[in-house]
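Colleague: One structure follows; several queries about it will come next.
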Amino acid sequence: MQIDAMVSEADVGGIEEGQSVTSPWMPSAAEVSRLGETGPLRPTTNQNVVNYTTVVEVNNADLKLRPA
């Protein structure tokens, strides 16, 4: 499953492709597959905060995560 996560400009510098991602709501291991500053994913600004869409790939074989 692919998750598009919004990462603030202040934090995006600490993220690399292949980096492991953990969260209490993710039942399985996940990793960053694409950063928002490259390719078609451009930064967006919301309330004067610049965010980058970062693509996270997560194994969802058990179907615990549901698409929105």
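Just so you know, all these numbers are worked out from the coordinates, no wet-lab data involved. The structure displayed is predicted, hence computed values, not measured ones. Cβ atoms come from the backbone with ideal geometry, glycine included; neighbour counts cover every protein chain shown.
Colleague: Rounded to the nearest 20 Debye, what is the dipole magnitude of the chain about its Cα centre when Lys and Arg each give +1 and Asp and Glu each give -1 at the C-beta?
Modeller: I would put it at about 260 debye.
Colleague: Taking θ as phi - 60°, what are the ³J(HN,Hα) couplings along the stretch 54-66 by the Karplus curve (6.51, -1.76, 1.60), each to the nearest whole Hz, with x for Gly and Pro?
Modeller: Couplings: 10, 8, 10, 9, 10, 6, 10, 4, 8, 6, 6, 8, 10 Hz.
Colleague: Further question: Under 5 Å between amide hydrogens, which residues at least 5 positions from VAL21 or on another chain qualify, with H placed 1.01 Å from N in the peptide plane?
Modeller: When sequence neighbours closer than 5 places are left aside, the close amide H contacts are ALA30, GLU31, VAL32.
Colleague: Give the shape of the chain as rounded, prolate or oblate, defined through the alpha-carbon gyration tensor: a ≥ b ≥ c are the square roots of its eigenvalues, a/c under 1.5 means rounded, and otherwise the shape is prolate if a/b is larger than b/c and oblate if not. Working shown, then result.
Modeller: On the way: a/c = 2.07, a/b = 1.77, b/c = 1.17.
Verdict is prolate for the chain.
Colleague: Which residue, THR22, ALA68, THR45, has the largest displacement toward the positive end of the dipole of the chain when charges sit on each Cβ (Lys, Arg +1; Asp, Glu -1)?
Modeller: ALA68
Colleague: I'd like the Karplus ³J(HN,Hα) series for the stretch 21-26: coefficients 6.51, -1.76, 1.60, θ = phi - 60°, whole numbers in Hz, and an x wherever there's a Gly or Pro.
Modeller: Result, ordered by residue: 10, 10, 6, x, 8, 9 Hz.
Colleague: So what is the calculated 222 nm ellipticity per residue for the chain, using -39500 (n - 2.57) for each DSSP H run with n of 4 or more, over all residues, to the nearest 500 deg cm²/dmol?
Modeller: -1000 deg cm²/dmol
Colleague: Each label point is 7 Å from the Cα along the Cα-to-Cβ direction; what then is the distance between the points at ARG66 and ALA29, in nm?
Modeller: 2.8 nm
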